Each structure stands twice: as structure tokens, then as C-alpha cells.
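Undergrad: Handing you a structure now.
The values are calculated or read from the model by the stated rules, or taken from the named source; none is laboratory data. Owing to the predicted nature of the structure, the values given are computational and were not obtained by experimental measurement. Neighbour counts run over all protein chains shown; Cβ positions are idealised from the backbone, glycine included.
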Amino acid sequence: MKRCLIFLLKIVVTIALAYIVFRNIANTPGFDSNDLEKVLSQIKVWPLFVALLCLLVSNLTGCLQWKTLLKTQGVRLSYFHVLRLYFVGLFFNNFMPGNVGGDVKKVYDIRVQGGVDSVGAGLTATFFDRLFGFFFLTLLALGVGSLFFIHDPEQRAFIIPSLWVFLGFCVLFAAIFSRRIGESLAKLLSLIFPENINTRVLRMLERFRSFRIWNLWGKLFVLSTITQVLRVLVHYFCGIALGLDIAVSWYFFYIPLVALVSALPISIGGFGPRELLAQSLFAKAGVPVLESVIVQLLAYLAGLVISLFGAIFFVLDNGKKNKEAK
């Protein structure tokens, strides 16, 4: 019942925000119902193929980052094996209600196939993989904003949210990596939650401390740089497909903020918050509200297309299991 209510609430939020997005488009001065058909008819195909290629490569490097974290947790699987699990997770994330179903699937698969005694290793690596991705996106937006937009009074205000989120991540990393802070947090939780939950929290914090390796962080920064830059470029090439002529720095400044908001579990697949924020932000760069929404939808569609590889792997794996069962 609780899950159903949460899902219904997400549907309400999605519909409400989608209505606001549509209303913003309809209220644009000079907007005509034929504008959508006109914009879609002018889409160039080659930038969309480049966007798909960028997203595919970013998933390959993102998978390598996840594999690196799994290896630190004692899970040793071949890259191709991890790649199959990674793409199956992408498929579940995109085609199942909510946006964490794929992560749950990946943790389960690591538990079954990784040769570990608990879900802790897969959960820790998967959670930290997501956490570090969001952290690097925030760092990217903060860096680009400080380099290109710090002297623009109108854009300077958007640096502040990135700064606060960045500082929040720094505090969070200090909490999960510091033994002293972790023990203090466990004592606090023991006053609220049962002992078994407190024990699990302590085990999880202990697992996180295995990531306190400078070598590892160097690899993560390199892999995250490639992965996140390519994922921002997906939106840039979707914009080129629509004929948008704005500097790539606008995408590196705004898309991380859009990605962070769309990751919040308040709507279905990030629909609504993603498009509404993109409308507001890219209007500052002179992008019409209709085009800003289509760019986000094209990037999301690219993600759906690439994640279909996960569907193929899922079907092949299930077919193999059924044959072995017979």
C-alpha cells in the first residue's frame, strides 16, 4: 500500500509539472501549434548519432568505474561480465517504475554472481558509484561556472547552488570516511533505530573506508571526467540536431544542475522537474522553451535506445539459465 501511494504521488507530481512545462510553451509569444512539427522536421540526424556514440562510450567508461569500485570491495569479475550487469541495470532504470530499480537489480546480480557472502559489497560499490557521479557533476558545474560565468551578475547566482551541493558532498564524504565521525553517527542512530540497523550502518561505513586510497581516487577522477563530459556532450549534440547555436559552456554549467534535480525520486523517470528546470535555465542562454524541452527529451530517448543493449543481455542470460535448468 505504501509503495502504491508513493507511486501515485509520483504520477501526480509528474503530471502537474508536465502541465506547467506545456503551459510555459503554449504561453510563449507567437507560439503556434505547428511550431512543434516545424522544429521536429528540421532535426539533423548526424548529431543524434554522435550523441548516441557519446552516450555509449560514457557507459563503457562508467562501467569501468563501477568495476574498479567492485574490485576494491573484493568482487572480481571480468569487464565483459560486469558490462552485461551494468547494461541490464540501465535497462531496468529506464523501463521500470522509479529510477533506482536498475541499481537494485545490479546489487542482486552481484550477490548471485560475484561470489560474495552478502549484498554489502555490491550495495557499497553501486551506491558510491552513483554518489561520486553526482559529486563530479557538481564539481564540473562549479568549475565551469567559476571560469566562464563568475563575472556575469545574472549567471553568478546559479553558482551558489552548486557550491552548497559541493560542500554538502564534502561533509558527506567526511562522515563516511572518518572512523570517529562514523562512530558518533552510529551512536546517534542507536538512539533511534534498532540494534540490527545500527550494526548494518557500521558495516557499511567500514566498507566505505576501503575507498580511502589515493590511487583509487585518481582513477575515479579520470574515469568520471571522461564519463560525465561525454554525457553532457550528449545534450550538446542534441541541441546541434535542433539547430541551437549556443556555446558548449552553457551545457556544462546547466546540465549538471538538471541531472541532479532529475535524479530526485519525486517523479516518474525524472519527467517534469528535468524539463521545467531546463526551460528556466536555458532561457538565460536565449534558448526557446520548446527547444529546451525537446533537447532533454532527445537526450532521454538516446538513453532509452542505448539501454536496450541491457534488454538483449537480460534475455540472453535468462535463456541461458532456462537451458541449464532443463
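Undergrad: Among the residues of segment 5-13, is there at least one that is in a helix (DSSP H, G or I), in contact with a helix residue (DSSP H, G or I) (Cβ under 9 Å, 6 or more places away or on another chain) and either under 30 Å from Ala121 (Cα atoms) or not charged (D, E, K, R) (or both)? Steps first, answer last, please.
TA: Initially, segment 5-13 is screened for residues in a helix (DSSP H, G or I), giving 5-13.
With the extra rule that they be in contact with a helix residue (DSSP H, G or I) (Cβ under 9 Å, 6 or more places away or on another chain), the set shrinks to 13.
Subset that is either under 30 Å from Ala121 (Cα atoms) or not charged (D, E, K, R) (or both): 13.
Taking every residue of segment 5-13 in turn, at least one turns out to be in a helix (DSSP H, G or I), in contact with a helix residue (DSSP H, G or I) (Cβ under 9 Å, 6 or more places away or on another chain) and either under 30 Å from Ala121 (Cα atoms) or not charged (D, E, K, R) (or both).
Undergrad: A further question on this structure: Out of segment 103-156, which residues are among the acidic types (Asp, Glu), surrounded by fewer than 18 Cβ atoms within 10 Å (Cβ to Cβ) and touching a residue at least 12 places away in the same chain (Cβ under 8 Å)? Lay out the reasoning, then the answer.
TA: Step one: of segment 103-156, the residues among the acidic types (Asp, Glu) are 103, 109, 117, 129, 152, 154.
Cutting the leftovers down to surrounded by fewer than 18 Cβ atoms within 10 Å (Cβ to Cβ) gives us 117, 152, 154.
Glu154, the sole residue that qualifies.
Undergrad: Here's another thing I want to ask about it. Could you go through segment 68-83 and let me know if any residue there is farther than 23 Å from Gln228 by Cα, of a type in the set (A, V, I, L, M, F, W, C) and out of contact with any His (no Cβ under 9 Å at 6 or more places or on another chain).
TA: yes
Undergrad: For segment 38-88, name all the residues that are over 28 Å from Cys238 (Cβ atoms), of a type in the set (Ser, Thr, Tyr) and not in a loop (DSSP other than H, G, I, E, B).
TA: The answer is Thr68, Thr72, Tyr79.
Undergrad: Okay, next question. Residues Leu220, Leu244, Leu216, Leu202: which one is assigned to a helix (DSSP H, G or I) and buried (at least 20 other Cβ atoms within 10 Å of the Cβ)? Lay out the reasoning, then the answer.
TA: Working: Leu244 fails: assigned to a helix (DSSP H, G or I); Leu216 fails: buried (at least 20 other Cβ atoms within 10 Å of the Cβ); Leu202 fails: buried (at least 20 other Cβ atoms within 10 Å of the Cβ).
It is Leu220.
Undergrad: Just to be sure before I move on: is Ser307 assigned to a helix (DSSP H, G or I), modelled with pLDDT under 90 and of a type in the set (Ser, Thr, Tyr) in the structure I sent? Reasoning before the result, please.
TA: On the way: assigned to a helix (DSSP H, G or I): yes; modelled with pLDDT under 90: no; of a type in the set (Ser, Thr, Tyr): yes.
No; evaluated as a whole, the condition is false for this residue.
Undergrad: Restricting attention to segment 245-277, which residues are among the β-branched types (Val, Ile, Thr) and touching a Leu at 6+ places or on another chain (Cβ under 6 Å)? Show your work before the answer.
TA: So in segment 245-277, the residues among the β-branched types (Val, Ile, Thr) come out as 246, 248, 255, 258, 261, 266, 268.
Selection gives Val258, Val261.
Undergrad: Now for a separate question. Specify which of the listed residues (Ile192, Ile181) is farther than 24 Å from Lys105 by Cα, outside any helix (DSSP H, G or I) and at pLDDT below 80. Step through it out loud before you land on a result.
TA: Working: Ile181 fails: outside any helix (DSSP H, G or I).
On inspection, the qualifying residue turns out to be Ile192.
Undergrad: Which residue out of Leu260, Leu297 is part of a helix (DSSP H, G or I), touching a residue at least 60 places away in the same chain (Cβ under 8 Å), under 18 Å from the mean Cα position of the chain (by Cα) and under 26 Å from Arg130 (Cβ atoms)? Write out each step before concluding.
TA: Details: Leu297 fails: touching a residue at least 60 places away in the same chain (Cβ under 8 Å).
So the residue among Leu260, Leu297 that is part of a helix (DSSP H, G or I), touching a residue at least 60 places away in the same chain (Cβ under 8 Å), under 18 Å from the mean Cα position of the chain (by Cα) and under 26 Å from Arg130 (Cβ atoms) is Leu260.
Undergrad: May I pose another question? Please go through segment 74-133 and give me each residue that is in contact with a Leu (Cβ under 8 Å, 6 or more places away or on another chain), modelled with pLDDT of 90 or more and more than 25 Å from Gly269 (Cα to Cα), ordered by number.
TA: Tyr79 - this is the single residue of segment 74-133 that is in contact with a Leu (Cβ under 8 Å, 6 or more places away or on another chain), modelled with pLDDT of 90 or more and more than 25 Å from Gly269 (Cα to Cα).
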